[in-house]
Amino acid sequence: MLGSASPRRRDLLGRTGLPFTIRPVDIDESLAPGEPAEQAAARLALAKARAAGPLDDTTALITADTLVALDDLVLGKPADQAQARWMLTRLAGKEHRVVTGFVLRYGGHLHSGLAVTAVRFRRLSDPEVEAYLATGEPMGKAGAYAIQGTGAALVTEVRGSYTNVVGLPLAAVVKMLLTHRVIEPQQERQP
């Protein structure tokens, strides 16, 4: 089960070929003053896992929360276009971190992980920022950009998990599912 309404996370998990259902979890995603991105992402992913309600011991639930951090400045989803403009202007020409906390709730246990990816933006002119804002893509995205969309044109370098920047560090999530025996690799049977 995927505890998220994010179409990006749904698409990424779908690429594994694993069958799953969607169970969106709604929590207050406010950040505590001065809370580091890594701590906030881990806390929010855990809160989502706990808020999902009762599960039987055979159901696995994956939750996640992604934030963008520029030094000590944590950027979530912009509240409006003005905030998105502000975020994009701050990120332009600089390297930032994309941080995703993720949790597997399975068999009565909570298992958590954290992925951090370094992303560098090219310098952006004011007209370029305005053109990107006009696409509508920045809204609803941490840091006000979508690397899997038009926002890819803003990025010059990615160090770490690309899928983490999209919203779910797929290799780390699959490793966690394998480690806790939620899934097992299928092997071809010999005749």
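No value in this document is a laboratory result; all are computed from the given coordinates. Please read these numbers as outputs of a predicted model, since none were measured by experiment. Heads up, the Cβs are rebuilt from the backbone with ideal geometry, glycines too, and the neighbour counts pull from every protein chain shown.
Going by how many other Cβ atoms sit within 10 Å of their own, how do Lys77, Lys48 line up, fewest first? The partial results should precede the final answer.
On the way: Lys77 18, Lys48 25.
The fewest-first ordering by Cβ neighbours comes to Lys77, Lys48.
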ask   = In what order do Leu70, Leu44, Leu178 fall by count of nearby beta-carbon atoms within 10 Å, going from fewest to most?
value = Leu178, Leu70, Leu44
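For the pairs Lys94/Lys141; Lys77/Lys175; Lys48/Lys94; Lys48/Lys77, flag any whose C-alpha to C-alpha distance is greater than 24 Å.
Numbers: Lys94/Lys141 18 Å; Lys77/Lys175 28 Å; Lys48/Lys94 31 Å; Lys48/Lys77 17 Å.
Cα-Cα > 24 Å for Lys77/Lys175; Lys48/Lys94; rest within.
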ask   = Under 5 Å between amide H atoms, partner at least 5 residues away or on a different chain: which partners does Lys141 have, H built in plane at 1.01 Å?
value = none
ask   = With each pseudo-label sitting 7 Å past Cα toward Cβ, what's the Ser30-Thr16 distance in nm, one decimal?
value = 3.3 nm
key: Mean shadow area of the chain, taken as a quarter of the surface of its Cα convex hull (nm²)   = 12.1 nm²
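Take every DSSP beta bridge with both residues inside the chain and express the antiparallel ones as a percent of the total, to the nearest 5. Spell out each step's value before the answer.
Numbers: 28 of 30 bridges.
If I count the DSSP bridges inside the chain, around 95 percent turn out antiparallel.
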